[in-house]
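Worksheet: one structure, shown below.
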Amino acid sequence: MPLNTSGAISLAGSTVGQSIALELGQSATGTISLNDSAVRDLAGVASGAIVIPTDFYGASSGPTLSYGTAVDFSTSTAYKPSLAYNQFRNKVTVAYGDSSNNSYLTAKVGTVSGTSISWGTATVLWSGNSSPVYETASVYMTPGAASERTIVFMKEQSQSGRGLAIACDVNTQDEMLRQASAVFETGEITIYSNAAFEDPDNVFAGIVYRDFNNSQYGQIAMVSKSASNYTPVVFHSSTTEDMTAAYDTNSNKVLVCYTDSTDGSKGKARVGTISSGGSVSFGTEVTYSTVSTFNNCAVFDSTNNKVVVLYEAGNDLKAKVGTISGTSVSFGSEATIDTNYITRFSLSASFDTTNGVVIAAWEDREASPDNGKAAIGTVSGTSISWSGLSTFEAGNVTSTSCVYDPDTGKTIIAYRDIDSSDGTAIVATVVN
């Protein structure tokens with residue numbers, strides 16, 4: 001993360017945002033000099049005197065983010081927007097609960113051009129039983145032998161909070177249309193951030209969720225492109241919160257990360273193997289955070305074949321790199337993304353395949369208002385470093401969702417703008 005923009009700056013030390021050594025990825029107690037080439041590069045002073053602290057304010061050793069102009073996809077409250085990228089049409093899709101229309105599950109198709117995004121006509125994906133939608137998750141299924149599909153998972157509040165999967169296509173008029181639907185869980189569920197994933201090997205979409213009708217266990221369900229559902233599987237048989245999943249295309253496994261509420265709210269993970277018949281078996285549970293851990297968010301780094309898990313621990317935003325081997329996973333050292341995060345809401349992430357970096361976006365409750373912030377994570381071996389910490393919305397936000405557009409090389413961040421009560425999206429560009 002960049003050095004602080006005010007206050008004390010030191011050459012060494014263990015304080016993130018203050019220590020130049022830490023920003024450069026060096027030891028907090030090692031030898032460092034103002035005349036070191038890396039220090040001069042960070043200060044932007046090739047020769048002559050360097051002034052501490054002012055030459056280092058806001059300095060970052062890694063890539064940074066720039067943003068276009070925010071564009072509304074909804075002029076009313078958009079409940080839990082979720083993004084996906086449609087590779088067949090080269091379009092971005094967003095699904096959300098539209099408060100201006102009975103909170104029906106609604107979708108729009110977005111076109112990225114430069115640093116902006118424009119949105120097509122809204123379509124209603126689900127209006128059964130006047131069902132308000134407060135939680136969604138979307139995943140695109142790659143075209144193959146079967147037709148392309150975006151699967152939108154939702155919690156149908158008016159039907160006892162059951163879980164519903166909607167299979168959708170995007171037509172040539174840039175409209176997202178429902179093609180099929182299925183109930184994947186008849187009882188009440190909760191869907192968290194980055195909970196949906198694609199298994200391209202078996203041509204399934206998957207979702208992890210909390211099942212209130214089964215003692216609040218953590219469960220996983222698979223659906224096909226036609227929204228045919230398979231029997232859900234329990235991955236954690238005690239109260240489970242904040243579960244997330246990412247599919248590792250190198251090992252052909254899914255990593256599920258979650259909070260174990262019955263064991264001090266520790267952060268834990270299990271590796272899942274998905275069969276061609278839609279069942280899932282899991283390896284041994286692994287703990288990646290021994291303190292109270294919330295808001296887990298997993299994303300697969302296809303450049304390094306690693307799964308990065310982000311989470312809140314001790315009111316700070318943290319991350320670790322996971323390496324899957326067989327049916328187990330090991331984690332590297334913990335990295336701090338941001339301090340005083342102080343929230344259990346709104347954390348999302350996606351992977352930028354062009355630059356080989358993770359983009360994370362979240363609601364920062366340290367400040368007032370609750371600004372929207374983002375940062376860039378770069379994996380090296382079993383470690384990850386963060387740079388480009390910045391504000392993409394200087395106002396109250398919640399319910400962030402990220403997706404990468406490989407056609408334009410941009411990351412799109414959707415969120416609910418609480419100040420304007422709109423559903424909003426912004427285009428982010430990595431600047432190396």
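Miscellaneous remarks
- All positions within segment 265-300 that are closer than 23 Å to R365 by Cα and either among the small types (G, A, S) or outside the structural domain of N202 (by TED's automatic domain parsing) (or both): S265, G267, S289, S292, A298
- Residue within segment 341-355 that is at pLDDT 95 or above, over 16 Å from the mean Cα position of the chain (by Cα) and surrounded by fewer than 21 Cβ atoms within 10 Å (Cβ to Cβ) present: yes
- Check on A335, assigned by TED's automatic domain parsing to the domain that holds I220, aliphatic (A, V, I, L, M) and surrounded by fewer than 24 Cβ atoms within 10 Å (Cβ to Cβ): yes
- Test: residue in segment 121-128 that is under 23 Å from A180 (Cβ atoms) and in contact with a Gly (Cβ under 9 Å, 6 or more places away or on another chain): no
- Test: residue in segment 221-229 that is hydroxyl-bearing (S, T, Y) and at pLDDT 95 or above: no
- A227 being touching a residue at least 24 places away in the same chain (Cβ under 8 Å) and either surrounded by fewer than 24 Cβ atoms within 10 Å (Cβ to Cβ) or not in a strand (DSSP E or B) (or both): yes
- Taking the criterion of being modelled with pLDDT under 95, among the hydroxyl-bearing types (S, T, Y) and either within 10 Å of A70 (Cβ to Cβ) or not assigned by TED's automatic domain parsing to the domain that holds A360 (or both), the only residue of segment 400-432 that qualifies is S420.
- Residue in segment 37-46 that is of a type in the set (D, E) and in contact with a strand residue (DSSP E or B) (Cβ under 7 Å, 6 or more places away or on another chain) present: no
- Whichever residue in segment 393-412 is of a type in the set (S, T, Y) and part of a strand (DSSP E or B) and, among such residues, is nearest to T353 (Cα to Cα): Y404
- A search for C-beta distances below 7 Å between a residue of segment 246-265 that is β-branched (V, I, T) and any residue that is outside any strand (DSSP E or B), counting only pairs 6+ apart in sequence or on different chains, returns T249/P200; T249/S302; T259/S265; T262/S238; T262/T239.
- Unmet criterion (only one of (1) touching a Lys or Arg at 6+ places or on another chain (Cβ under 7 Å); (2) in a strand (DSSP E or B); (3) of a type outside the set (A, V, I, L, M, F, W, C); (4) farther than 14 Å from T136 by Cβ) for G187: (2)
- Filter result for the condition that a residue is assigned by TED's automatic domain parsing to the domain that holds T284, crowded, with 16+ Cβ neighbours inside 10 Å, aromatic (F, W, Y) and modelled with pLDDT of 95 or more, over F212, F235, F204: F235
- Meets criteria (acidic (D, E) and within 26 Å of G110 (Cβ to Cβ)) for E241: no
- Look at (1) out of contact with any Asp or Glu (no Cβ under 9 Å at 6 or more places or on another chain); (2) within 20 Å of V307 (Cβ to Cβ) and you find that T231 fails only one, number (2).
- Count - residues of segment 281-298 that are under 21 Å from D199 (Cβ atoms) and crowded, with 24+ Cβ neighbours inside 10 Å: 3
The values are calculated or read from the model by the stated rules, or taken from the named source; none is laboratory data. In this text, all values refer to a predicted model and were calculated from it rather than measured experimentally. Positions of Cβ are generated from backbone atoms using ideal geometry, with glycine treated the same way; all protein chains shown enter the neighbour counts.
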